[in-house]
Amino acid sequence: MNVVSHNAPRLVGDLMALEPVTVRADAPLAVAATLLDRHHISGLPVVDAAGSLVGVLSQTDLLRARATEYLWTNWSGLRVKHLMTSPALTVHRDQPIAIAARKMERHHVHRLVVVADEDEQLPIGVLATSDLVRAMALQAEEQG
């Protein structure tokens, strides 16, 4: 997290997690589950073979697979592309945090993929609800 000290974070770039852990759309679900667990994260930007953003896979998507008999029975044959949400909801690093928060709330999502200004399909970071809550806590501490 890139929190600007002594100033309340105002832009997505101040809070986003850099260098997002991504998963390929054609990867087995077990690979995605391992990445989520190993990196202690709750969602992954999904990319195609060229590295272009095509969706997002969350822990909730995997939970749905576990809870759905048909999906669980076919778990070993399923790929990330079968469960991911597409298209991914995105935001730019220079957008205000308030706009990102409203977008997350409006779409009932827990993360936005931060994309490069010059390439809307290039994931450069992730902004999660936990980043926003952490910023709110830091701001409260600074204000006493």
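A few notes on this one:
- Boolean, residue 61 is among the acidic types (Asp, Glu), without any contact (Cβ under 8 Å) to a residue 60 or more places away in the chain and either within 30 Å of residue 15 (Cα to Cα) or touching a His at 6+ places or on another chain (Cβ under 9 Å) (or both): yes
- Count of the range 34-45 residues which are in contact (Cβ under 8 Å) with a residue 60 or more places away in the chain and surrounded by fewer than 18 Cβ atoms within 10 Å (Cβ to Cβ): 1
- Looking at 61, 48, just one residue is more than 23 Å from residue 118 (Cα to Cα) and either surrounded by fewer than 18 Cβ atoms within 10 Å (Cβ to Cβ) or touching a Leu at 6+ places or on another chain (Cβ under 9 Å) (or both), and that residue is 61.
- Yes/no for residue 54 being within 13 Å of residue 86 (Cβ to Cβ) and of a type in the set (Val, Ile, Thr): yes
- Neighbours by Cβ (under 8 Å, 6+ apart or cross-chain): first from the range 18-30, basic (Lys, Arg); second not in a loop (DSSP other than H, G, I, E, B): 24/46; 24/47; 24/80
- Residues in the range 67-84 that are under 13 Å from residue 28 (Cα atoms), at pLDDT below 95 and either among the hydroxyl-bearing types (Ser, Thr, Tyr) or touching a Gly at 6+ places or on another chain (Cβ under 6 Å) (or both): 1 in all.
- In the range 87-137, of all residues being small (Gly, Ala, Ser) and within 15 Å of residue 60 (Cβ to Cβ), the one that is surrounded by the fewest Cβ atoms within 10 Å (Cβ to Cβ) corresponds to 130.
The values are calculated or read from the model by the stated rules, or taken from the named source; none is laboratory data. The model shown is predicted, which means the values in this text are computed figures rather than measured ones. FYI the Cβ positions are ideal-geometry reconstructions off the backbone, even for glycines, and counts take in every protein chain you see.
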